[in-house]
1. Which of the residues that make up the stretch 97-127 are part of a helix (DSSP H, G or I) and more than 29 Å from the chain's Cα centre (by Cα)?
2. Can you tell me which residues in the stretch 311-334 are in a helix (DSSP H, G or I) and either surrounded by 24 or more Cβ atoms within 10 Å (Cβ to Cβ) or in contact with a helix residue (DSSP H, G or I) (Cβ under 6 Å, 6 or more places away or on another chain) (or both)?
3. Output the residues belonging to the stretch 338-358 that are under 19 Å from residue 321 (Cβ atoms), free of Cβ contacts under 8 Å to residues at least 60 places away in the same chain and not in a helix (DSSP H, G or I).
4. Of all residues in the stretch 61-83, how many are surrounded by 17 or more Cβ atoms within 10 Å (Cβ to Cβ) and touching a residue at least 40 places away in the same chain (Cβ under 8 Å)?
5. Restricting to the stretch 266-295, and then to whatever is modelled with pLDDT of 70 or more and out of contact with any helix residue (DSSP H, G or I) (no Cβ under 7 Å at 6 or more places or on another chain), can you tell me which residue is farthest from residue 121 (Cα to Cα)?
6. Go through the stretch 371-382 and give me each residue that's under 28 Å from residue 324 (Cα atoms) and touching a residue at least 40 places away in the same chain (Cβ under 8 Å).
7. Restricting to the stretch 14-34, name every residue that is in contact with a helix residue (DSSP H, G or I) (Cβ under 6 Å, 6 or more places away or on another chain) and at pLDDT below 90.
8. Residue pairs, Cβ under 6 Å, 6 or more apart or interchain, first in the stretch 21-39 and free of Cβ contacts under 8 Å to residues at least 40 places away in the same chain and in the same structural domain as residue 81 (by TED's automatic domain parsing), second assigned to a helix (DSSP H, G or I) and surrounded by 17 or more Cβ atoms within 10 Å (Cβ to Cβ). List them.
């Protein structure tokens with residue numbers, strides 16, 4: 001993104017670095033092949049112009065940078081982006097009544113040699129840039145000497161009880177004061193709802209995932225504290241540990257030690273389409289919902305279609321039949337309904353069926369209104385949805401208006417009162433069910 005188009009543009013630079021000779025060497029030998037001499041020049045210039053505690057009057061202008069670097073505004077802008085890419089610089093944009101629009105540059109420390117080569121994104125790019133011969137020379141220059149190999153050394157360290165003498169009763173039964181201190185300094189208990197049970201945890205190779213991400217400086221602790229979220233992602237998209245790891249790596253920035261789940265969820269939705277995944281735990285159904293004698297043939301087919309496939313499959317096959325495609329936003333809506341609100345697949349599929357009769361794409365507000373209404377009505381499966389639709393259809397128009405799936409003021413393009421919309425379209429319930437059957441009859445559902 002181009003930011004600089006005015007040489008009089010004001011900026012501040014924060015956190016000047018007291019660069020050592022070793023850091024200058026790392027900057028020129030390791031960073032410069034990646035970002036180029038112009039970016040290195042910009043970093044050194046911004047560092048020279050930086051202030052520890054800048055005041056309003058100490059702003060600088062881009063023309064000062066041009067004078068010191070002999071670079072054009074476009075070259076400065078390109079160099080800035082390269083510095084940001086290797087995490088040497090962060091850029092912020094702000095404005096006030098006095099200065100108008102201005103920028104704030106934050107300089108980051110130069111990595112040590114060890115940190116640089118342990119950051120695989122940087123070291124891999126360096127190998128690609130300079131070739132294996134020069135890379136091996138750098139290895140010889142910076143490699144640590146190998147430690148002495150010992151021959152089965154014996155541990156002769158003293159134990160606690162060798163050095164300290166504590167009465168036996170204090171060990172076996174600590175005093176109340178000690179117990180109280182232990183309780184008061186204990187870490188808060190983790191939310192059990194966010195943890196996996198043993199059966200769920202056993203379905204994932206956690207050792208593989210933690211080892212894979214450790215190469216990118218993501219700790220085992222960071223991975224394991226998000227087990228439930230990873231389990232939900234793998235289950236929803238039907239992906240393996242390797243595929244999930246590949247997605248996570250693509251969302252990392254240089255120096256990241258924590259995971260950005262917003263980026264991960266966005267990339268998953270953008271990368272993966274519907275795949276088969278482990279079926280949800282069946283919900284307990286009432287006897288009336290399990291018997292389908294009261295349903296017509298078309299209604300039974302609709303219920304069966306909602307039960308056979310996952311929401312992503314249902315959405316994409318529906319769209320394919322219409323000649324359309326599923327969008328990034330629609331996948332996020334379905335993921336939220338499944339993983340955050342914990343709706344069953346068949347309920348989500350029925351919501352898709354209803355929503356797409358009125359709109360070409362799923363809308364968050366409409367899906368939320370449907371979910372809220374059905375949960376308040378105690379609906380948990382496709383049979384109950386069809387019964388609820390039929391009951392609404394049989395209501396008088398005046399009575400049917402009590403339940404609406406649209407907030408006021410109403411948007412004309414989202415019709416959320418089923419009875420009203422169906423009457424306007426002159427499409428009776430039976431006819432609509434038949435149309436859905438015609439729409440989906442060519443789909444080869446998995447067993």
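The values are calculated or read from the model by the stated rules, or taken from the named source; none is laboratory data. It should be emphasised that the depicted structure is a prediction, and the values quoted were computed from it without experimental measurement. When we count neighbours, we look across all protein chains shown, and the Cβ atoms used for this are built from the backbone with ideal geometry, even at glycine.
1. Within the stretch 97-127, 113, 114, 127 qualify.
2. Of everything in the stretch 311-334, those that are in a helix (DSSP H, G or I) and either surrounded by 24 or more Cβ atoms within 10 Å (Cβ to Cβ) or in contact with a helix residue (DSSP H, G or I) (Cβ under 6 Å, 6 or more places away or on another chain) (or both) turn out to be 311, 312, 314, 315, 321, 328, 330, 331, 332, 333, 334.
3. 356
4. Keep residues of the stretch 61-83 that are surrounded by 17 or more Cβ atoms within 10 Å (Cβ to Cβ), which gives 62, 65-66, 69, 71, 73, 75-80, 82-83.
Right, trim to touching a residue at least 40 places away in the same chain (Cβ under 8 Å) and you get 62, 66, 73, 76-80, 82-83.
Qualifying residue count, the stretch 61-83: 10.
5. Here the residue is 294.
6. 381, 382 - these are the residues of the stretch 371-382 that are under 28 Å from residue 324 (Cα atoms) and touching a residue at least 40 places away in the same chain (Cβ under 8 Å).
7. Of everything in the stretch 14-34, those that are in contact with a helix residue (DSSP H, G or I) (Cβ under 6 Å, 6 or more places away or on another chain) and at pLDDT below 90 turn out to be 16, 17.
8. As it stands, the answer is 32/40, since those pairs meet every condition given.
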